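*Asks:* A single structure is presented below for examination.
The values are calculated or read from the model by the stated rules, or taken from the named source; none is laboratory data. Values in this document were obtained by computation on a predicted structure and should not be read as measured data. Here the Cβ positions follow ideal geometry from the backbone for every residue, glycine too, while neighbour counts run over all protein chains shown.
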Amino acid sequence: MIEAVVLLSGGMDSLVCAAIAATKHKHLAFLHLNYGQKTSAKELECFEKISDHYQIPTDHRKIIQMDFLKQIGGSSLTDDNITVKNYDGDESTIPSSYVPFRNSIILSLAVSWAESLGARHLYIGANFEDSPGYPDCRPEYYKAFNELVRLGTKDGDIHVHTPVIHMKKSEIVSEGLRLKAPFEMSWSCYARTDKACGVCDSCALRMRGFKEAQTVDPITYQG
């Protein structure tokens, strides 16, 4: 029986989240959501590679298309009319890369699959370092969502885990290295799929994390 479902975008945080889940559970299922993001093809490629690395059987992998979020728009990740902005330092304002209410939709689908599998645990790589801009990365959001899951599922016993939520990016890198997570298979860039741009918010936070962890990021950056 599947014990836990891991939401795996293919990014650094979700990779380390998967590595942590793999130390706690023998039987995992990996879930990937395509929401019409500009780097969706690269992220799917990373999802498959990471799933192979953790020896997740193909029938325990699920890819759900939710590109209706591209129709909704309102984010530089999904709307071709909005440019992915360069990182301009840590800010408290919501960045253009925020996808309106995305995590709530993703988590709802993940809980639904977990419930159908009989899994009692759900892992997501939400990180509080992102939260000044992303309201759905805050610890209080997940506390509230767990209460919603308790009230809205048949047995009320599925729990959403956020193991990297209080870690700095450097700590996520260090934990990933300790767990031998394949960072070379992950992708964080919001803008490009060949070489990481190195200037978007996600690239900047990733690069800072590796620098502060005093180790080399194995992916290739532009320039």
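*Asks:* When only residues in segment 180-196 that are surrounded by fewer than 19 Cβ atoms within 10 Å (Cβ to Cβ) and without any contact (Cβ under 8 Å) to a residue 60 or more places away in the chain count, which is farthest from Lys42 (Cα to Cα)?
*Replies:* The extreme case among them is Glu184.
*Asks:* Can I ask one more? Quick one: Asp201 ticks every box in (1) closer than 14 Å to Leu15 by Cα; (2) in contact with a Phe, Trp or Tyr (Cβ under 6 Å, 6 or more places away or on another chain) bar one, so which box is it?
*Replies:* With (1) closer than 14 Å to Leu15 by Cα; (2) in contact with a Phe, Trp or Tyr (Cβ under 6 Å, 6 or more places away or on another chain) applied to Asp201, the lone miss is (1).
*Asks:* While we're on this one: So how many residues does segment 126-138 have that are over 15 Å from the mean Cα position of the chain (by Cα) and either β-branched (Val, Ile, Thr) or in a helix (DSSP H, G or I) (or both)? Don't jump to the end; show me each part of the working.
*Replies:* Let us first name the residues in segment 126-138 that are over 15 Å from the mean Cα position of the chain (by Cα), namely 132-133.
From what's left, either β-branched (Val, Ile, Thr) or in a helix (DSSP H, G or I) (or both): none.
The total comes to 0.
*Asks:* I would also like to ask the following. Which residue pairs have Cβ atoms closer than 6 Å, lie 6 or more positions apart in sequence or on different chains, and pair a first residue in segment 139-157 that is over 17 Å from Tyr123 (Cβ atoms) and of a type in the set (A, V, I, L, M) with a second residue that is surrounded by 13 or more Cβ atoms within 10 Å (Cβ to Cβ) and at pLDDT 95 or above?
*Replies:* none
*Asks:* Another question, if that's okay. Quick one: count up the residues across segment 152-179 that are buried (at least 19 other Cβ atoms within 10 Å of the Cβ), touching a Ser or Thr at 6+ places or on another chain (Cβ under 8 Å) and either assigned to a loop (DSSP other than H, G, I, E, B) or modelled with pLDDT under 95 (or both).
*Replies:* 0
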